[in-house]
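*Asks:* Pasting in a structure now, in structure tokens, and then I'll have a few things to ask.
We did not get these values from a lab; they are worked out from the coordinates using the rules stated. From a predicted model like this one, the values you see are computed outputs, not experimental measurements. Counting neighbours? That spans all protein chains shown, and the Cβs are built from the backbone with ideal geometry, glycine included.
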Amino acid sequence: MSPKKASTREGQLVSKGDKSSLSPRERVLRVFAYVSLLAAFSIGQIANKTDYQALLQQQMPDAVLVQSEERSLPVVFRTKDKSGEISGDAVVMADGVGYGGPMVVGVRARRTDDGARISEILVLSHKETAGYQNRINRANFFRQFAGKSVTDPFLIGEDIDAVTGATVSSQGYTEAIREAVHLGAAQHLGLEPSWQTPEWRLGMEELILTALFALAILGAYRRDKLGKYLRVGVMAGALVFVGFYFNTALSLGQLAGIVMGYIPHPKLHPVWWIMIIGALGCVIVLGRNIYCHQICPFLVVQNVLQKISGVSLRIKPSIQRQARKFVFTMSWVALMLIFLSAHPALGSYEPFAMIFSLEGVGIQWYILPASLLGALFVPNFWCRLFCPVGLFLNEGVRARRTIRNKLVRRKPVTETSVLATDAMAPGGEIDG
Amino acid sequence: MARKKGKKKQQSEAQYRFTQILAVVMFCLIGGYFVQSFLTVREQRPVMVAIERVSAARSASNTEPEIQPE
């Protein structure tokens, strides 16, 4: 395979991973990009810091709220009646992590002889996409908490039923309520912890996803027929399970959410952990972007469309050469929106959620058919020109190579040497 | 085993134009999505809220009484 000639046009990278070849203008732009992202992150964290009292007051505009025992957790508010007397009701603030990010609920409870019982759940703030939250509301999910004792286990599958198609959101809300109520029962009511705690649930879903990653890694290193069948099998499995069944394709919002601390508990969402560790682990440990080449379900959709159409057009070389810059710019805009709003869904412009779960807002519904139409005619249309996840993972591979080469004091990475090692490695980078 | 790379089929200008249009349409749609999100973020006024909170925190720490030496 003959190596590509390195481009020498000003403003473009001459060799992969060789940052010293950047023009001064590119360096300034990069510094500006990182500084502005840091500023947006800081502003977003300050502006979106939870103000429990303000959130609760929005839901209870006529109530006079008094925070009790300011320095202890969980945060508890009581209401004053007209005569100024503090009522027996308390509202316990509960924080959790759902599909789209953090959520805050208020658990209204009333004292009883044996402790306290929940009377109402107030959803104060959430970052769930509209579709999932609507499913939660339509199923009257919170009604099942009313009347429960604060010492009940509050476990999905035990005494709480999740909403079909909004399992992660259901788990997030339930976990938030459970932790706050149990902590409140122990701290404020002095009750002994007699309730069940969540246990590890590793079933078929987790096994399938782990097997997909393991087979993908094996397929990436085998060049024989078995390797080819493995790769095809993994891609088919990824479309069915990662795409339609789990709907857990990686997105820029998820990756940004990690930076913002939106990390679900591994006991409650092990599939999320397997996806992240698998994709990032392959980049860091193996130096290969296995996710983009075999696990990404949208890649499989594009390949299927290509096979259906049989048409394989190329992008104009002038556009193709600038593709990496385009994706960098779009990713920067998306991350600015995500960090400023602390809301991952606001910057996730990928069409994955729409195609696999039929969830989308506004103009997103036009991005999906446009990307599918493009994929009919141009191989990997989305991956080549628009995918921020691919950019992030490929940049991770580049960074790993650069660091590794510096550590072992090899020759500088050149276009030739990178392509020579990638020639036989299907798990390498996708060229822009 | 190295992949055989045959000569690429020549693509007509019309075909390049078609793929270019597809790409431009996608960029416009993604730009539209960013505008949609920006309008949502603008309602939250994160910069103003952050400035207000930082100012409030500073004035709260400034008004705390100093510890008087005995």
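*Asks:* Order of B:VAL49, B:VAL35, A:VAL389 from fewest to most other C-beta atoms within 10 Å? Show your work: numbers first, answer last.
*Replies:* Numbers: B:VAL49 17, B:VAL35 11, A:VAL389 26.
Arranged by neighbour count, lowest to highest, B:VAL49, B:VAL35, A:VAL389 become B:VAL35, B:VAL49, A:VAL389.
*Asks:* For the pair A:GLN58/B:ALA14, report the inter-label distance in nm, with labels modelled 7 Å from Cα in the Cβ direction.
*Replies:* According to this spin-label approximation, the distance is 5.5 nm.
*Asks:* For a bin width of 5 Å, list the pair-distance distribution of the range A:275-370 built from all Cα-Cα distances, rounded to whole %.
*Replies:* It works out to 2, 10, 12, 17, 27, 19, 10, 2, 0, in whole percents.
*Asks:* Can I ask one more? Where does the charge balance sit around A:VAL301 when Lys and Arg score +1, Asp and Glu -1, over other residues with C-beta under 15 Å from its C-beta?
*Replies:* On the way: positive: A:LYS307, A:ARG384; negative: A:GLU350.
Residues close to A:VAL301 contribute a combined charge of +1.
*Asks:* Rounded to whole Hz and in sequence order, give me ³J(HN,Hα) for the range A:270-284 from the Karplus expression 6.51 cos²θ - 1.76 cosθ + 1.60, θ = phi - 60°, writing x for Gly and Pro.
*Replies:* Rounded to whole hertz, the list is x, 4, 4, 5, 5, 4, 5, 5, x, 5, 6, x, 5, 5, 6.
*Asks:* Further question: Suppose each label sits 7 Å from its Cα in the direction of the beta carbon; what would the A:THR164-A:ILE308 distance come out to in nanometres?
*Replies:* The modelled label-to-label distance comes out at 2.6 nm.
*Asks:* Inverting the mean 1/r over all pairs of different Cα atoms, compute the Kirkwood radius of the protein assembly as shown and quote it in Å. Can you show the working numbers first?
*Replies:* Details: mean 1/r = 0.0390 Å⁻¹.
After inverting the pairwise mean of 1/r, the radius is 25.6 Å.
*Asks:* In terms of the Cα gyration tensor, with a ≥ b ≥ c the square roots of its eigenvalues, is the range A:181-300 rounded because a/c is under 1.5, prolate because a/b exceeds b/c, or oblate? Intermediate results must be reported in sequence, preceding the final value.
*Replies:* Details: a/c = 3.00, a/b = 2.37, b/c = 1.26.
Prolate, since a/c reaches 1.5 and a/b exceeds b/c.
*Asks:* What distance in nm separates the simple spin-label points at A:LEU218 and B:VAL54, each placed 7 Å from Cα in the Cβ direction?
*Replies:* 5.4 nm
*Asks:* With a cut-off of 8 Å between alpha carbons and a minimum separation of six or more residues, what is the relative contact order of the range A:253-406 in percent? Intermediate results must be reported in sequence, preceding the final value.
*Replies:* Working: 134 pairs, mean separation 52.4, N = 154.
Taking the mean separation of contacting Cα pairs over the length of the range A:253-406, I get 34 percent.
*Asks:* List the chymotrypsin sites (Phe, Trp or Tyr not before Pro) within the range A:37-96 that fall in a DSSP loop (any state other than H, G, I, E or B) and whose Cβ has at most 15 other Cβ atoms within 10 Å. Spell out each step's value before the answer.
*Replies:* On the way: sites: A:PHE41, A:TYR52, A:PHE77; in loops: none.
Here no loop site has a sparse enough neighbourhood.
*Asks:* Quick one: which residues, 5 or more positions from A:GLY101 or on another chain, have an amide H under 5 Å from its amide H? H modelled 1.01 Å from N in the peptide plane, none for Pro or chain starts.
*Replies:* A:LYS127
*Asks:* So what is the relative contact order of chain A, in percent, for Cα pairs below 8 Å that sit 6 or more residues apart? All intermediate terms of the calculation are to be shown ahead of the outcome.
*Replies:* Values: 637 pairs, mean separation 75.7, N = 432.
Worked out over chain A, it gives 18 percent.
*Asks:* Averaged over its residues, how many other protein chain Cβ atoms are within 10 Å of peptide B:17-27's Cβ atoms? Intermediate values should be presented prior to the final figure.
*Replies:* Values: counts 1, 3, 11, 4, 0, 12, 13, 1, 5, 10, 7.
So the per-residue partner count for this stretch is 6.
*Asks:* Cut-off is 10 Å between beta-carbons; in what order do A:ARG288, A:ARG400, A:ARG27 appear when sorted fewest neighbours first?
*Replies:* Values: A:ARG288 23, A:ARG400 17, A:ARG27 12.
Sorted ascending by nearby Cβ count, the order is A:ARG27, A:ARG400, A:ARG288.
*Asks:* With a 10 Å Cβ neighbour count serving as the proxy for reagent exposure, in which order, fewest first, do A:THR164, A:THR79, A:THR50 appear?
*Replies:* Numbers: A:THR164 9, A:THR79 19, A:THR50 14.
So the residues, fewest neighbours to most, are A:THR164, A:THR50, A:THR79.
*Asks:* Taking Cα atoms, how many degrees apart are the long axis of helix A:323-341 and the longest axis of chain A, rounded to 10 and kept between 0 and 90?
*Replies:* With both axes taken from Cα atoms, the answer is about 10 degrees.
*Asks:* Taking a cut-off of 17 Å, what percent of all Cα-Cα pairs in the range A:368-413 are separated by more than that?
*Replies:* Working: 533 of 1035 pairs.
Counting every Cα pair in the range A:368-413, those more than 17 Å apart make up 51 percent.
*Asks:* Just to confirm the number: angle between the C-alpha axis of helix A:24-47 and the first principal axis of chain A, 0 to 90 degrees, nearest 10?
*Replies:* 10 degrees
*Asks:* What relative contact order, as a whole-number percentage, does the range A:109-197 give when Cα pairs under 8 Å and 6 or more residues apart are counted?
*Replies:* Worked out over the range A:109-197, it gives 29 percent.
*Asks:* Obtain the radius of gyration and the Kirkwood radius of the range A:233-302 from its C-alpha atoms and give Rg over Rh.
*Replies:* Values: Rg = 12.2 Å, Rh = 12.6 Å.
Taking Rg over the Kirkwood Rh, I get 0.96.
*Asks:* Further question: How far, in degrees from 0 to 90, does helix A:364-377 lean away from the longest principal axis of the Cα atoms of chain A, to the nearest 10?
*Replies:* 20 degrees
*Asks:* Right, something else. Counting DSSP beta bridges in the protein assembly as shown, what percent are antiparallel, to the nearest 5?
*Replies:* Details: 28 of 29 bridges.
About 95 percent, rounded to the nearest 5.
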